[in-house]
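Presented below is the structure to which this report refers.
The values are calculated or read from the model by the stated rules, or taken from the named source; none is laboratory data. Since the model is a prediction, treat every value here as computed from it, not as a measurement. For neighbour counting, all protein chains shown are included, and Cβ atoms are generated from backbone atoms with ideal geometry for every residue, glycine included.
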Amino acid sequence: MADILNPRQLIQLAQSLTRFQMAITDFEIRQYAALNDAQKMELEETLTVLATAAGRLYAYSVQLAFEEAEEQLLQIRAAAEGLNKFLKTARKIQEVLDIVESVASLADAIISHDLEGITMGIDQVIQMVGNN
Amino acid sequence: MKKLLFASMVFLGSCKSTDMINRFAKSAANATAEIGSATFHFEDLYKLYNPETLKYYSSDTLALRPSPLKPQKDVMGPAGPISEKEFLLPRSNEYKKADSLVEIINQTLVNYFSLLESVSDKKLLAYNARDLIQALSGIQQNEISGFSLSEEKINAVKGILNTILNEPIKWYRYKTLIRTMQKADSVISRIIFTYSFILDTALTGEIEQAKQNYYSFGYAPIYNHAQNSVEKFYVNQLYDQVDLSLLNEKIKMHKSVLALQTIRKGHSQLAFGKQDSDFKETEAMIARDIILVNGLISEIIQLIK
């Protein structure tokens, strides 16, 4: 048997406690009239301990499951970081493509002797180069 | 030779669209975020169904019939009096920790799929040769009389330029995305397995425990004190309502797990180049699961109202 329970074994244990709690409650309901106050108190305390322990075991199993997947979580974060870097590079490439488009537009304005277009085109190119 | 190179470029580009990756990533990011916000948390269950809270409320219900189990409002702790709130919610740290770990898993997946969506967005990298072609026609009209291009030819040049500049970028991006997805596929699979285990086993177990707690500390004490069949009927009716709302939570949890399995399958199919029809099925399944989860939430809201 392993030294430490794995998350699935912990869940099985918690489920057993839950079932045990149900059986005791069934017994309490059926035998309520025959039980004295001290017995009722004892049953209540037992049920409380069982319920608290089972509830905590379910929550603890998350910690164990998380520990088992921690390495993979770090790997996926590294993958996400790689995508993020690529996204930044792609945005820079897009900025260059935008500059090419603007320069072409400026050339068009120059050829057509469109003074307003030339001014706008120059502003646009300066702004884009400045952003880089 | 040039024609062949161009044709192969167009062919590669048209085959390797990132559209499907984008649609999948968008659905997966939305579904995962939905699962994170719509499913019950450990602490929610603990606050509502821990034994002390239930004992307190059941003994309050039985106020006219004093019970020896009713907790006192002013409880003395080792460091002085404990407030009523502290008394009702003793030691919820393990539940908070479980929730924060689940949140880390959920956010890691949402972040990965959101980035996948951003990188595969076709608007991210696109070149439009419209301005360049306009400049070319300007040259044709104003400067070089011998440089004559028909409208048809201008459009053809525009298409060629767009293709030549866009397709290699598309191809490069597609390769990067596929490489990342292939590398991450087994890891995604493992994380989704862990997330599914938590939802379908640990959280569902906690819901079952909540139901049991209500049975032991809410239902049983009141039922045991019920003096006639009308009172017993009322107590049973209350129990059925709690049972139904917790059952809905369990169904929601199970549906969330199915959605996660669909996402895992879809990621794998896209990473290793399976057929489109398979992905369409995956996409439809994700959509169906989101609708189901939303439907369940609406039902629960109706029940609360």
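Suppose the filter is more than 20 Å from A:Lys40 (Cβ to Cβ) and either acidic (Asp, Glu) or touching a residue at least 60 places away in the same chain (Cβ under 8 Å) (or both); does B:Glu231 pass it? Answer is no for this residue. Within the stretch B:243-259, residues that are touching a residue at least 60 places away in the same chain (Cβ under 8 Å) reach partners that are of a type in the set (Asp, Glu) with beta carbons closer than 6 Å, at six or more positions or on different chains, in the pairs B:Val257/B:Asp200; B:Ala259/B:Asp289. For the residues A:Gln124, A:Gln39, A:Gln72, the requirement of being touching a Ser or Thr at 6+ places or on another chain (Cβ under 9 Å) and either surrounded by 19 or more Cβ atoms within 10 Å (Cβ to Cβ) or at pLDDT 90 or above (or both) singles out A:Gln72. The residues in the stretch A:10-36 that are among the small types (Gly, Ala, Ser) and crowded, with 21+ Cβ neighbours inside 10 Å can be counted, and the count is 1. Residues in the stretch A:8-46 that are free of Cβ contacts under 8 Å to residues at least 12 places away in the same chain, within 7 Å of chain B (Cβ to nearest Cβ) and of a type in the set (Asp, Glu): A:Asp37, A:Glu44.
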